[in-house]
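Have a look at the structure below before the remarks.
The values are calculated or read from the model by the stated rules, or taken from the named source; none is laboratory data. Quick caveat: nothing in here was measured; it's all calculated off a predicted structure. So basically every Cβ, Gly included, is an ideal-geometry build from the backbone, and we count neighbours across all protein chains shown. The protein model used for the area step is the full one, side chains on, heavy atoms only, and it has no ligands, DNA or RNA in it. Shrake-Rupley method; radii C 1.70, N 1.55, O 1.52, S 1.80 Å.
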Amino acid sequence: MAVSDLHTYLAELEREHPGEVVHVHRQIDHAYEVTAIVSQLDRENRHPVLVFHNINTPSGAKSKIPVVTNLFGSRRRTALALGSTLEKVGSDYYRRASQPREPVVLTDRREAPVKQVIQKGNEVDLYEMPALVHHDTDPGPYFTAAYITSYDIDTGIDNSAMQRGWMRTRNEIRVSLNPHCHNMLNLRKHERLNKDMKVAYWSGHHPAALLGAQTRFAYPWSHYGSAGGLLSEPLRLVPSETLGDDFLVPADAEVVVEGIMKAHRRVAEGPFGEYTGYVGPQTANPLFEVTAITRREDAYWHDIAVGYTDIQSMMALAAEGALADSLKRRIPSFRNVCVPASGVTFHAYVQLANPQPGEARDAIMCAVEAQPGLKHVFVVDEDVNVFNEKEVLWAIATRSQWDRDAMVFTGLRGIRLDPSAGEHTTTKAGLDCTKPFDGPFPTRCKIPEEVGQRIQLTDYIAAETLASIPTERE
């Protein structure tokens, strides 16, 4: 059987859904131009996987490595990659990631595609990679879609997370670590012992493996195991080149960058255009000194256009699955939840079936408690499709009275990248948009189900005419 990786995924996607992959062969610059194309497609609500074959590197040379971006730009495509559906992908994602598979270790490095090209010492040059500059405030090229891996010094359990890294020089990366993230917890444990921490960035893999490595569970937790759970097969690992045989990296990644994160060393990193659509501030962050770069001979460079649907959809999916799990356990009438990309993980739409009095409010409090990054929760009835924002807005407009149905919570933990929040806390809110209990409520307009199933547009309007009708973006 073929191993699941980015190459097998793209080949299958292009074979089964050729319109989902767009190859760009015209020369393009690594600074701003890819972002310009992604942003224009985003405005048109088009989200194909983009492969740029003729792109230059930060050094100015033509890259030997094509750039792949917009991998998660479509929720439907992500669902297909996980063998799920549009409505269930969040729940399926969380369920499979929480049932990890033990990885397998390749004892022969020659079996690992990521070892086909090895650079160490003076051969190391990050600027040979086609790392992009996305926005005019970014200080230089960044890792945007790479996962940084470290190990808990007490248990030896691996941790991976997608965390940005500025390629400050050819062998130095300034890594943005949130103060409460698990990689930072690992670093602090090393620093208490005055030890540097071994780390590796790995970039490019099957979408299921990438989503598995982005899960948020207890600390410590093996993200390699969760990647296997999402892949439905063990993730293949291989020993590093410069960090010891016990430091394992994904054998089927496209690129691996090994190195040392210096203890007690902090340097200026940023500013950087973030997933919220705003520029994040410059802060003091750890320094990563590169000791080796390994990659496939036919490697792709995976990039995420930060601030657009690609990253927003990916992050929303992780939050959605965790929310579904929490709500399912505590709210009897719970049916579904959507964390829309439009809300950059700050919004949740919760669907309940025949909720009892007070249950919508319970759902709001449960959601706010379950997800610290959540800011606004909207609860609707079962007849409202939470995956259709037009329907959710209709429910808000016709089924809520803010003086009666709104709940406001002040002084709670928030996300530091929310530009409207305070330095340490934020205000969160929920709105009960379910039908009121005090008296009869009007029924929705509808046609007989039999008629809706029987009437097909193509029986009345020619297919070519239907295809020529312009799409009205909402």
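Would the stretch 368-474 count as rounded, prolate or oblate if I go by the C-alpha gyration tensor, calling it rounded below 1.5 in a/c and otherwise prolate when a/b exceeds b/c, oblate otherwise? The shape class here is oblate.
Shown in residue order for the stretch 73-87 are the 3J(HN,Hα) couplings computed by the Karplus curve 6.51 cos²θ - 1.76 cosθ + 1.60 at θ = phi - 60°: x, 10, 5, 4, 5, 5, 4, 4, 5, 9, x, 10, 10, 4, 7 Hz (x for Gly and Pro).
Rolling a 1.4 Å probe over the protein chains gives residue 365 an accessible area of about 90 Å². Per residue, the convex hull around the alpha carbon atoms of the stretch 276-421 comes to 170 Å³. By accessible area, using a 1.4 Å probe on protein heavy atoms only, the chain has 50% of its surface on carbon and sulfur. In the chain, helical runs assigned H by DSSP with n ≥ 4 each contribute -39500 (n - 2.57); averaged across all residues and rounded to the nearest 500, the mean residue ellipticity at 222 nm is -7500 deg cm²/dmol. Per-residue surface analysis assigns residue 241 an accessible area of about 50 Å², computed on protein heavy atoms at 1.4 Å probe radius. 3J(HN,Hα) couplings calculated from phi for the stretch 284-298 with the Karplus curve 6.51 cos²θ - 1.76 cosθ + 1.60 (θ = phi - 60°) are, in sequence order, 7, 9, x, 10, 10, 9, 7, 10, 6, 10, 10, 7, 6, 5, 9 Hz; Gly and Pro show x.
Among 23, 205, the sequence by solvent-accessible area, most first, with a 1.4 Å probe is 23, 205.
Determine the shape class of the stretch 146-228: with a ≥ b ≥ c the square roots of the Cα gyration tensor eigenvalues, call it rounded for a/c under 1.5, and otherwise prolate if a/b is greater than b/c, oblate otherwise. The shape class here is oblate. Sequentially through the stretch 194-210, phi angles give Karplus couplings (6.51, -1.76, 1.60; θ = phi - 60°) of 6, 10, 5, 10, 6, 9, 8, 8, 10, 10, x, 6, 4, x, 5, 5, 5 Hz, Gly and Pro residues having no value and appearing as x. Peptide packing: for 451-459, 156-164, 285-293, the average count of neighbouring Cβ atoms within 10 Å per residue gives the ranking 285-293, 156-164, 451-459, highest mean first.
By the gyration tensor of its Cα atoms, with a ≥ b ≥ c the square roots of the eigenvalues, what is the shape of the stretch 3-138: rounded for a/c under 1.5, prolate for a/b over b/c, or oblate? Here the stretch 3-138 falls in the oblate category.
From the coordinates of this entry, Rg/Rh (Cα atoms, Kirkwood Rh) is computed, and it appears in (i) 1.18; (ii) 0.96; (iii) 0.99 under the label (iii). A 1.4 Å probe run over the chain, with the rest of the protein chains in place, finds 46 Å² accessible per residue. Note on the stretch 186-314: Rg/Rh from C-alpha atoms, Kirkwood Rh, equals 0.97. The charge dipole of the stretch 344-431, taken about its Cα centre with unit charges on the Cβ atoms of Lys, Arg (+1), Asp and Glu (-1) only, comes to about 300 debye.
Summing Cβ point charges (Lys, Arg +1; Asp, Glu -1) relative to the Cα centre of the stretch 15-126 gives a dipole of roughly 220 debye. Rounded to whole Å, give me the distance from the Cα center of the stretch 194-242 to that of the stretch 333-347. The stretch 194-242 and the stretch 333-347 have Cα centres spaced 26 Å from each other.
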